[in-house]
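In what follows, a structure is listed as structure tokens, so that the remarks can point back to it.
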Amino acid sequence: MHTNRYGKISSWESVTALKKVPIIECGESLVDFLELCPRLFWDKPRWKYERVQLLRESAAERLCRAAEALPQGYRLAVIEGWRPPHIQRRMNQGAMKRIREQNPDWSASQVKRIANRFTAPPSDRVPPPHSTGGAVDVVLADETGAMLDHTSPYETRNRSAYPFDARRLSDEAREHRQILKEAMESAGLTNYPSEFWHYSYGDQGWAYRGGHAHALYGPTEPPGYSPPPGEITDEPLEWAGE
């Protein structure tokens with residue numbers, strides 16, 4: 001654990017910790033990152049809802065540079081960039097539901113604390129990273145777009161595999177994580193240590209990890225955005241599979 005202007009930096013990046021980071025919104029637009037960088041591969045969805053191919057312009061440019069920095073034979077497979085608030089809320093609800101079912105003896109506060117580590121709750125002072133347009137979920141793929149191993153010997157959705165430095169990873173999985181991290185960090189995006197696939201630029205998490213004076217991005221939406229019919233519901237988000 002290292003320290004910077006925000007004190008001791010926790011790998012969990014709690015809401016309480018991120019509240020210390022001010023946001024000075026720079027007003028940057030969301031852009032289509034696949035149009036900007038055709039080298040990227042648009043991976044299949046992990047959740048059942050209509051995704052969009054958007055990131056803040058500077059984050060998208062850095063993602064493109066990261067794709068170009070990879071060794072030959074590797075591609076960046078993008079799972080998700082900007083995420084609308086109503087989907088973030090349903091994702092958080094789904095995480096709490098799963099954790100409650102897996103741990104029936106836990107208190108409500110225990111369930112909420114663990115769920116919030118893996119899917120940020122809606123908040124005005126600490127907007128979920130994806131809702132700012134500065135966060136992106138990525139993995140490595142081969143030249144055909146097939147996702148490479150990042151989790152063995154764990155199953156993909158085993159929480160023990162989520163941290164970047166998870167214990168007992170295979171040499172292959174650890175190597176792929178390191179290749180991904182080196183490319184992303186070379187372009188100025190930083191990893192949320194509790195999720196090996198989650199990187200960001202400009203949001204509070206990025207500022208917190210790097211000791212920056214403030215975040216550049218607050219919550220945003222594309223001009224004229226309207227959620228697809230049927231997505232506005234209180235039902236937890238459904239998993240789409242690997």
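The values are calculated or read from the model by the stated rules, or taken from the named source; none is laboratory data. All of these numbers come straight from a predicted model, not from anything done at the bench. Reconstructed Cβ throughout: ideal geometry from the backbone, glycine too, with neighbour counts over all protein chains shown.
Can you go through 24, 79 and tell me which one is within 21 Å of residue 190 (Cβ to Cβ), surrounded by fewer than 16 Cβ atoms within 10 Å (Cβ to Cβ) and modelled with pLDDT of 95 or more?
Going through 24, 79 in turn, the sole match is 24.
With respect to the numbered conditions (1) loosely packed, with under 15 Cβ neighbours inside 10 Å; (2) modelled with pLDDT under 95; (3) out of contact with any strand residue (DSSP E or B) (no Cβ under 7 Å at 6 or more places or on another chain), which one is the sole condition not fulfilled by residue 13?
Condition not satisfied by residue 13: (1).
Just need a number here: residues in segment 87-124 that are within 17 Å of the chain's Cα centre (by Cα) and of a type outside the set (S, T, N, Q).
13
Mind checking whether some residue in segment 114-134 is buried (at least 19 other Cβ atoms within 10 Å of the Cβ), in contact with a Pro (Cβ under 7 Å, 6 or more places away or on another chain) and among the aliphatic types (A, V, I, L, M)?
yes
Return yes or no: is residue 135 at pLDDT 95 or above, more than 23 Å from residue 15 (Cα to Cα) and of a type in the set (A, V, I, L, M)?
So residue 135 does not fit the description; no.
Is it the case, given these coordinates, that residue 59 is part of a helix (DSSP H, G or I), small (Gly, Ala, Ser), within 14 Å of the chain's Cα centre (by Cα) and crowded, with 23+ Cβ neighbours inside 10 Å?
yes
Being in contact with a Leu (Cβ under 7 Å, 6 or more places away or on another chain) and either over 24 Å from residue 176 (Cα atoms) or not small (Gly, Ala, Ser) (or both) is the requirement here; does residue 18 meet it?
When the stated conditions are applied, residue 18 does not pass them.
Tell me, which residue of segment 149-190 that is among the hydroxyl-bearing types (Ser, Thr, Tyr), surrounded by fewer than 17 Cβ atoms within 10 Å (Cβ to Cβ) and under 21 Å from residue 70 (Cβ atoms) is nearest to the chain's Cα centre (by Cα)?
The qualifying residue nearest to the chain's Cα centre (by Cα) is 186.
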